[in-house]
Amino acid sequence: MHGHNLRFCIPYIYQCEKSSDCNRAKYKLEDNLELDLVTHDLKKFFSLLLKRNGYVLEQLYSPLIVHTTPEHEELKAIATNCITCHHSHHYLGFASTQWRLFEKENPRKVKPLLYVYRVLLTGIHLMQTGIIEANLVKLNEKFQLSYLDELIERKITREEKSTLEDEQIDFYFREYERLRQELELASQNSHLPETSSAQPALNDLLVRVRLLS
């Protein structure tokens with residue numbers, strides 16, 4: 001679970017602060033469940049939004065919400081102006097890292113492979129539409145990749161640790177490379193701006209939220 005915390009009010013997003021930007025805690029719940037809670041200071045979260053960080057965009061636009069506020073809704077509206085064509089670099093880099101991790105596995109498993117494809121398709125969709133979509137099932141309703149339906153079915157019915165045969169890997173690598181090229185092309189042809197225009201609005205929201213806290 002992810003969230004945000006607040007510190008004392010300062011007027012500028014990039015003013016230096018020396019306290020911790022990220023807090024992490026674990027809570028034991030009923031039925032032996034654990035809640036891993038990670039929160040960022042709001043200023044830190046805003047600065048990450050301005051650094052073309054797809055990870056924080058996915059947190060912000062996640063449909064899984066435990067608690068929200070009017071300021072959260074305002075932030076989602078402002079953050080559309082944080083999205084640029086250069087967010088493709090985040091998804092290309094992230095996919096590359098995840099593919100290397102997948103290759104090191106022995107035997108190779110379905111779940112990490114699905115994650116690689118999810119990252120690439122999220123990036124392509126973002127470049128084409130300016131909208132974050134991190135649900136692979138919904139993404140594949142658009143991209144219609146039959147092998148993804150098969151992999152998702154294997155994950156659901158044969159547990160997340162379902163493994164892949166070595167002779168299948170060449171095909172999946174070719175698809176990985178093809179989707180990387182598609183993401184690069186989508187970035188080149190994207191209508192998204194080169195730079196973010198959201199900093200003044202983020203700064204204003206930060207000050208108002210901190211004054212209310």
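The values are calculated or read from the model by the stated rules, or taken from the named source; none is laboratory data. None of these values were measured; they are calculated from a predicted model. Using ideal geometry, Cβ is built from the backbone for each residue, glycine included, and neighbour counts are taken over all protein chains shown.
Structural remarks
- Of all the listed residues (174, 180), the sole one being exposed (fewer than 11 other Cβ atoms within 10 Å of the Cβ), among the charged types (D, E, K, R) and under 21 Å from residue 96 (Cβ atoms) is 174.
- When residue 110 is tested against the conditions (1) at pLDDT 95 or above; (2) buried (at least 18 other Cβ atoms within 10 Å of the Cβ); (3) among the β-branched types (Val, Ile, Thr), the lone failure is (1).
- Residue match in region 138-153 (condition: without any contact (Cβ under 8 Å) to a residue 60 or more places away in the chain, under 30 Å from residue 76 (Cα atoms), under 12 Å from the mean Cα position of the chain (by Cα) and in a helix (DSSP H, G or I)): no
- Some residue of region 162-181 being of a type outside the set (S, T, N, Q) and in contact with a strand residue (DSSP E or B) (Cβ under 8 Å, 6 or more places away or on another chain): yes
- In the condition set (1) without any contact (Cβ under 8 Å) to a residue 40 or more places away in the chain; (2) out of contact with any His (no Cβ under 9 Å at 6 or more places or on another chain); (3) under 30 Å from residue 43 (Cα atoms); (4) not β-branched (Val, Ile, Thr), residue 133 is compliant with all but (2).
- Residue that is buried (at least 21 other Cβ atoms within 10 Å of the Cβ) and under 30 Å from residue 155 (Cβ atoms), where the choices are 97, 122: 122
- Apart from one condition, residue 207 fits all of (1) at pLDDT below 95; (2) farther than 30 Å from residue 82 by Cα; the exception is (2).
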